[in-house]
Amino acid sequence: MSIDSGDTPSPAPDRREAVREKAQRVRVRQSRIRVARRVGLGVVATAAVAAVAGVVVWSVMSSVGGRDLTPRNSTADGFAISDVTGAASQQGSIADATPSATPNGSAAATPTPDPSASVAAPVDIRVYVDYLSPGAREWQLANVEQLTTWVDEGAAALSYHPVSMLTAKSNGTKYSLRAAAAAACVATHDEAVFFAYNTELLSRQPAMDTDGFSDVELADLAQAVGASNPADLRECIEGGDFVEWAKDATERAVSGIPDTDGLELSGTPTILVNGQPYLGSLADAAEFSQFVLTSASDAFYTTPTPTPTPSATPSE
């Protein structure tokens, strides 16, 4: 018969100890998982906040940067025309034309040249143009030849002011705004072809309530008229560099056109000759020429003042 000395431990305590150790290991592992999860969530949250902040900063900087971009060569949000190469054949000189009648219908006297006419300023023609306006297209195509002549001979100081009055009329593509911005790009990067590009945009004008040209197509048109710096032009147009400027320029014109007697832009085209709006037919080049001539006559000619006849000295 064997005798139990008591040295062999009971298996029950061993199992309990093993269970406790295993439970401890599980708790440690779970604790580590919770810590890792909290750290991971913190990293994700931090990254998300940083991403949102980056988007906000980019948006603000883009908006501010766009508003700070102002086209070169602009005066009062307009672009003076100095080069009309290849635009049209000559149609007639302002100086050669003579008004056929005064405003009340009576025959007009031939004006007497003013001795100071050679240093007088040319007639100032300002055109506020929306490239989606049918009236702007009609006026430009009717007058492009005589405008070319007047600029060539230095008789007219012609400038165009691109605006975006019809932005909502292109199926949401904002064509009017983008075209005005594209014109500003051309004036900035290659002003020699601005007049040709301006005429091209109007002659190829898309129908209202259609998408209009894409930015890529607007850049293609600039290259087609002979732009000498197509890479920078394309970057400017496709990047929308002057979209904010075009929007702000329109708002400024609507608030008040500079150098006028309180005139505000209410529609396009608005054509000012020496600060006075042209209200005649947009399709009648002769009528516009008559209006310009009348304004030019005021600048280049004066009515002679009769020389007083000396009275006889009474004899003594």
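No value in this document is a laboratory result; all are computed from the given coordinates. Computed from a predicted structure; not experimentally measured. When we count neighbours, we look across all protein chains shown, and the Cβ atoms used for this are built from the backbone with ideal geometry, even at glycine.
Scalar couplings 3J(HN,Hα) for the stretch 267-277, obtained by applying the Karplus form with A = 6.51, B = -1.76, C = 1.60 to θ = phi - 60°, are x, 10, x, 10, 10, 10, 10, 6, x, 9, x Hz; x denotes Gly and Pro. Here each label is just a point 7 Å from Cα along the line to Cβ, and for Asp211 and Gln276 those points are 4.6 nm apart.
The string of couplings for the stretch 204-213 from the Karplus curve (6.51, -1.76, 1.60, θ = phi - 60°) is 9, 3, x, 5, 5, 6, 10, 5, x, 6 Hz, one whole number per residue in order, with x for Gly and Pro. Using each residue's phi in the stretch 77-85, evaluate 6.51 cos²θ - 1.76 cosθ + 1.60 at θ = phi - 60° and report the 3J(HN,Hα) Karplus result to the nearest Hz, with x for Gly and Pro. Ordered by residue, 3J(HN,Hα) equals 6, x, 10, 6, 9, 10, 10, 10, 3 Hz. A P(r) calculated from all alpha carbon pairs of the stretch 183-253, with 10 Å bins opening at zero, reads 21, 51, 27, 1 percent. For the peptides 232-242, 170-180, residues were scored by their other Cβ atoms within 10 Å and the scores averaged per peptide; the highest-first order is 170-180, 232-242.
Extending 7 Å from the Cα toward the beta-carbon at both Ser82 and Glu145 defines two label points whose distance is 2.8 nm. Computing FRET efficiency as 1/(1 + (r/R0)^6) for Glu238 and Asp259, where r is the C-beta to C-beta distance and R0 is 30 Å, gives about 0.30. Each residue of the stretch 125-172 gets 66 Å³ once the volume of the Cα convex hull is shared out per residue. Computed over every Cα-Cα pair of the stretch 215-291 and binned at 10 Å starting from 0, the pair-distance distribution P(r) comes out as 16, 28, 28, 27, 1 percent. Taking 0.36 nm per residue of separation and subtracting the current Cα-Cα distance, fully stretching the chain between Ala231 and Glu251 would add 4.2 nm. Once backbone amide H atoms are built at 1.01 Å from N, Asp130 has Val163 as its partners under 5 Å, excluding neighbours fewer than 5 places away on the same chain. Round to a whole angstrom and tell me the spacing of the C-alpha centers of the stretch 132-185 and the stretch 229-296. Spelled out, the Cα-based centre of one part sits 7 Å from the other.
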